[in-house]
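Chemist: Would you mind keeping the following structure in view while I ask a few things?
Just so you know, all these numbers are worked out from the coordinates, no wet-lab data involved. The model shown is predicted, which means the values in this text are computed figures rather than measured ones. As a convention, Cβ positions derive from the backbone with ideal geometry for all residues, glycine included, and neighbour counts pool all protein chains shown.
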Amino acid sequence: MRAYPDIAMSRNLARVTDDLVRIPGTNFGIGLDAMVGLVPGIGDVVGTGLSAAIMADAVRQRVPLHILARMGWNVLVDALLGFVPVVGDAADVLHRANRKNYRLLERCVAEDKHVDASVRTYVALAVSMVIGFIGVALVLAGLLIWGLIAGLGALLGG
């Protein structure tokens, strides 16, 4: 596949977060997203922040809004998987939101799909959409952290 220098940061980020280390004897990799995802709540916040960088690159490339919505959905699914202990972490490894989002971005760049609407209109809609998806994902992570702290406090008798 052809390399696109304008989205090299997103390509590298997707590789590091979803495919950093290959499991010997397989074509399957595990990335930092899976590793930081083992830390309840905090890992989800870090993972969502990294996912936001790929979405910001997509806005910069002016990908169509429906593609940006699919990318946002991938981030939300990733955040929701973080709520399920152990099984969610395993499912997150299989879901690979950043890899999916990079492939969507790469396909748009390769096919020269970009929005021709006015820059102000597109940026306003796209930034609102990204903030909405990332905001919901961060609220979900915050709720998870709050629930863990409340549960820990109850467990310790506080």
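Chemist: Any chance you could count how many residues in region 62-98 are assigned to a loop (DSSP other than H, G, I, E, B) and buried (at least 20 other Cβ atoms within 10 Å of the Cβ)? Walk me through how you get there before you give the answer.
Modeler: Here is the first cut: in region 62-98, the ones assigned to a loop (DSSP other than H, G, I, E, B) are 62-64, 82-86, 96.
Add one more test, that the residue is buried (at least 20 other Cβ atoms within 10 Å of the Cβ), and what stays is 63, 82, 96.
Count: 3.
Chemist: So P85 passes all but one of these: (1) in contact (Cβ under 8 Å) with a residue 12 or more places away in the chain; (2) under 15 Å from the mean Cα position of the chain (by Cα); (3) within 24 Å of G147 (Cα to Cα). Which condition number does it fail?
Modeler: So the condition that P85 fails would be (2).
Chemist: With the requirement that a residue be touching a Gly at 6+ places or on another chain (Cβ under 8 Å) and over 16 Å from R70 (Cβ atoms), what does region 114-157 give you?
Modeler: The answer is L140, A141, G142, L144, I145, L148.
Chemist: Quick check: is even one residue across region 128-136 surrounded by 10 or more Cβ atoms within 10 Å (Cβ to Cβ) and in contact with a His (Cβ under 9 Å, 6 or more places away or on another chain)?
Modeler: no
Chemist: Could you look through region 7-44, keep only residues that are polar (S, T, N, Q) and part of a helix (DSSP H, G or I), and pick out the one that is nearest to A56 (Cα to Cα)?
Modeler: Ranking the candidates gives S10 first.
Chemist: Is it the case that I23 is surrounded by fewer than 17 Cβ atoms within 10 Å (Cβ to Cβ), out of contact with any Ser or Thr (no Cβ under 6 Å at 6 or more places or on another chain) and under 17 Å from G142 (Cα atoms)?
Modeler: Working: surrounded by fewer than 17 Cβ atoms within 10 Å (Cβ to Cβ): yes; out of contact with any Ser or Thr (no Cβ under 6 Å at 6 or more places or on another chain): yes; under 17 Å from G142 (Cα atoms): no.
For I23, the condition - surrounded by fewer than 17 Cβ atoms within 10 Å (Cβ to Cβ), out of contact with any Ser or Thr (no Cβ under 6 Å at 6 or more places or on another chain) and under 17 Å from G142 (Cα atoms) - is not met.
Chemist: Considering A90, A97, which residue is among the small types (G, A, S) and either under 17 Å from V130 (Cα atoms) or within 15 Å of the chain's Cα centre (by Cα) (or both)?
Modeler: Numbers: A90 fails: either under 17 Å from V130 (Cα atoms) or within 15 Å of the chain's Cα centre (by Cα) (or both).
Among A90, A97, only A97 is among the small types (G, A, S) and either under 17 Å from V130 (Cα atoms) or within 15 Å of the chain's Cα centre (by Cα) (or both).
Chemist: State all residues of region 99-158 that are in a loop (DSSP other than H, G, I, E, B) and farther than 30 Å from P40 by Cα; if no residue qualifies, say none. Spell out how you get there, then give the answer.
Modeler: Our first condition is that a residue be in a loop (DSSP other than H, G, I, E, B); within region 99-158, this holds for 111-118, 156-158.
Those that are in a loop (DSSP other than H, G, I, E, B) and farther than 30 Å from P40 by Cα: E111, D112, K113, H114, V115, D116, A117, S118.
Chemist: Consider region 106-124. How many of its residues are basic (K, R) and surrounded by 10 or more Cβ atoms within 10 Å (Cβ to Cβ)? Full working, then the answer.
Modeler: So the first thing to find is which residues in region 106-124 are basic (K, R), and the list is 107, 113, 120.
When the remaining residues are screened for being surrounded by 10 or more Cβ atoms within 10 Å (Cβ to Cβ), the result is 107, 113.
Total satisfying the criteria: 2.
Chemist: Filter region 38-57 for residues that are buried (at least 23 other Cβ atoms within 10 Å of the Cβ) and without any contact (Cβ under 8 Å) to a residue 60 or more places away in the chain and give the result. Give the steps one after another, and end with the answer.
Modeler: Filtering region 38-57 for residues buried (at least 23 other Cβ atoms within 10 Å of the Cβ) gives 44, 47-48, 51, 54-55.
Scanning region 38-57 gives G47, I54.
Chemist: Can you find a residue that is among the hydrophobic types (A, V, I, L, M, F, W, C) and in contact with a strand residue (DSSP E or B) (Cβ under 7 Å, 6 or more places away or on another chain) anywhere in region 55-64? Can you show your working first?
Modeler: Within region 55-64, the subset among the hydrophobic types (A, V, I, L, M, F, W, C) is 55-56, 58-59, 63.
The next check asks that each one be in contact with a strand residue (DSSP E or B) (Cβ under 7 Å, 6 or more places away or on another chain); those that pass are none.
Among the residues of region 55-64, not one is among the hydrophobic types (A, V, I, L, M, F, W, C) and in contact with a strand residue (DSSP E or B) (Cβ under 7 Å, 6 or more places away or on another chain), which makes the answer no.
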